[in-house]
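Before any comments, here is the structure.
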Amino acid sequence: MKGWPTLQQAHFLAPVALCSLLLMLCPTVSPAQTPHLTTAQWEADLQFLVAQMRARHVSLFHQTPEGTFGAAVDRLASRLGELDDDQIVVEFAKIATMAGDGHSGILWFPPGDTYYPLRLRYFENELYLDSTTKQNGSLVGARLIGVDRTSSAELLRLMSGVIPHDPENLGLVLRYAPTLIVSSNVLHGLGVTNTSGEATFHFEKGGSVFDVTLQPEAALTTLFGNIEFVGRVYSRIPGWIDARKDGPVPLWLQSNDRNWATYIPTSNVEYVQFNRVLDGSDETLADFFASVFASIDRYHPEKLILDLRLNNGGNNTLLTPLLAGIRERAPINRRPHLFVIIGPTTYSAAQNFVNRLQLAAQPIFVGEPTGENVNSYGDPSVFELPNSHIAFGMSTRYWQDLPGDARIATAPDVPAPMSIDDYINNRDPAMDAILHYH
């Protein structure tokens, strides 16, 4: 299985990066607040973290030389007495991220109402305000320039040091940075703010700059919706102002916490939103796709569209019947009839599916690059630090679906990035590109 264990298998507040949530992201045994420990307790946790990284990762130094890693650990050990709790947690995350892959790192979001009331989102590598409270609702759709004295570009660089990701692929950083950028604890721990009690966010909208000073008052569950299934981050937040206009909701936003499918007679296409490589509570993944194939056999659609843009993984051992069903249907298994929508959240077992589909079928990929290297580390082993009880994961296997393929991501054959204007106006450039593809 590639991807983080489910919460029934491991205890952590939220999967950071990566998993079958997906990954990600729920009953929990995490501390009720950022842990406050003595220096000796933090020292013991650091020693435990390093020992577990060495023992569990299948190739810990595949990206970072052992000497560089050891020097970083020694520097942190010498400074623990000088750092506060927020700073220490961030530094632990940096140490874990030195493993150098998207399945190895910290598995913990700060708990409590410790988030600034802003839901941000990346569009074309710029951060925009997607949703906020009524008090600042006039700013939805605005571009984030920075926080206090730190620019948005520098914030992305800082977040890449604490969010696990594959080499040269920032897909997972783009996915999780918007949440950590509004975490009062993380901003304080990174030195972006002087305190965890207040921050000033700088926005640009319509050519004017607006500064908003806020105190943390939102919870992680507010920003994410259903924490267990990360895909739901696109649902509206009750009582907040949303950038997206009212009107017909695009298919990819209609029910993104489960796998679902529909035949669209007006376009003669079968649309499948494949959000997680997992069995459902009332239907196995094989049974779900059996119903999809039955629909294809009945309606004979001109195009099959598999939407994986929100799929960050699960259990790749469940993929075989899906691939076989596609391979056996010649009218669909050829260009230009099989389309797969991908993006920076397409990750883990979803990346396995993308890889294996290229061996079994003739897909046309549409959208944005995936969030993982084509061949990559996975199957994380999860552990908890003895004093702070913060969870981490370390990869135990290297997957090579396409041996020798050094690509840092699967790139789309038909690029169709979503802009902030597309999002606001309920347009889906990926679907538009597919429906007009001949």
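The values are calculated or read from the model by the stated rules, or taken from the named source; none is laboratory data. Just so you know, these numbers come straight off a predicted model, no measurement behind them. Every residue, glycine as well, gets a Cβ built from its backbone with ideal geometry; the counts of neighbours run over all protein chains shown.
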(request) Go through (1) more than 30 Å from D86 (Cα to Cα); (2) under 21 Å from the mean Cα position of the chain (by Cα); (3) not polar (S, T, N, Q) one by one and return the number of the condition L402 breaks. (result) (2)
(message) I'd like to know if region 264-280 contains one or more residues that are polar (S, T, N, Q), in a helix (DSSP H, G or I) and either modelled with pLDDT of 95 or more or more than 25 Å from A433 (Cβ to Cβ) (or both).
(response) no
(message) Suppose we keep only residues that are among the small types (G, A, S) and touching a strand residue (DSSP E or B) at 6+ places or on another chain (Cβ under 7 Å) within region 407-429. Which one would you say is surrounded by the fewest Cβ atoms within 10 Å (Cβ to Cβ)?
(response) S419
(request) Could you give me the residue pairs with C-beta distances under 7 Å whose first residue belongs to region 307-332 and is surrounded by 24 or more Cβ atoms within 10 Å (Cβ to Cβ), whose second residue is assigned to a strand (DSSP E or B) and at pLDDT below 95 wherever it lies, and which are 6+ apart or on separate chains? (result) N312/C19; G313/C19
(message) Pairs needed: first member in region 280-304, closer than 12 Å to V269 by Cα; second member anywhere, among the aliphatic types (A, V, I, L, M) and surrounded by fewer than 18 Cβ atoms within 10 Å (Cβ to Cβ); C-beta distance under 9 Å; at least 6 residues apart or different chains.
(response) P301/I264; K303/L435
(request) Of all residues in region 391-401, count the ones that are crowded, with 23+ Cβ neighbours inside 10 Å and in contact with a Pro (Cβ under 8 Å, 6 or more places away or on another chain). (result) 3
(message) I need the strands (runs of 3 or more DSSP E) fully contained in region 335-410, keeping only those with at least 1 residues that are more than 30 Å from W108 (Cβ to Cβ) and either modelled with pLDDT of 95 or more or among the hydrophobic types (A, V, I, L, M, F, W, C) (or both).
(response) 338-342, 364-367
(message) Let me spell it out: the conditions are (1) in contact with a Phe, Trp or Tyr (Cβ under 8 Å, 6 or more places away or on another chain); (2) surrounded by 20 or more Cβ atoms within 10 Å (Cβ to Cβ); (3) closer than 27 Å to R309 by Cβ, and F123 meets all of them except one. Which number is the exception?
(response) (2)
(message) Being part of a helix (DSSP H, G or I), surrounded by fewer than 21 Cβ atoms within 10 Å (Cβ to Cβ) and in contact with a strand residue (DSSP E or B) (Cβ under 6 Å, 6 or more places away or on another chain) is true for just one of G81, G67, G146, G137. Which residue is that?
(response) G137
(message) I need every pair where a residue in region 406-424 that is closer than 20 Å to N312 by Cα has its Cβ under 6 Å from the Cβ of a residue that is surrounded by fewer than 18 Cβ atoms within 10 Å (Cβ to Cβ) and among the acidic types (D, E), sequence separation at least 6 or different chains.
(response) I408/E168; P417/E124
(request) May I ask you to list the residues in region 160-172 that are of a type in the set (A, V, I, L, M, F, W, C) and either in contact with a Lys or Arg (Cβ under 9 Å, 6 or more places away or on another chain) or over 17 Å from I342 (Cβ atoms) (or both)? (result) V162, I163
(request) Please work out which residue is farthest from E372 (Cα to Cα), limiting yourself to region 302-318 and to residues that are in contact with a helix residue (DSSP H, G or I) (Cβ under 7 Å, 6 or more places away or on another chain) and part of a loop (DSSP other than H, G, I, E, B). (result) N315
(request) Identify all residues within region 49-64 that are surrounded by fewer than 14 Cβ atoms within 10 Å (Cβ to Cβ) and charged (D, E, K, R); write none if there are none. (result) R54
(request) Please find, within region 204-261, the residue that is modelled with the lowest pLDDT out of those that are within 23 Å of S291 (Cβ to Cβ), among the polar types (S, T, N, Q) and surrounded by fewer than 18 Cβ atoms within 10 Å (Cβ to Cβ). (result) S255
(message) Considering only residues that are under 31 Å from the mean Cα position of the chain (by Cα) and of a type in the set (D, E), which ones fall in region 284-299?
(response) D287
(request) Taking D85 as the residue in question, decide whether it is among the charged types (D, E, K, R) and under 29 Å from N375 (Cβ atoms). (result) no
(request) State the number of residues belonging to region 46-64 that are touching a strand residue (DSSP E or B) at 6+ places or on another chain (Cβ under 9 Å) and either closer than 14 Å to K94 by Cα or among the hydrophobic types (A, V, I, L, M, F, W, C) (or both). (result) 6
(message) Given the condition over 15 Å from the mean Cα position of the chain (by Cα), hydroxyl-bearing (S, T, Y) and either at pLDDT below 95 or part of a helix (DSSP H, G or I) (or both), answer yes or no: does some residue in region 157-173 qualify?
(response) no
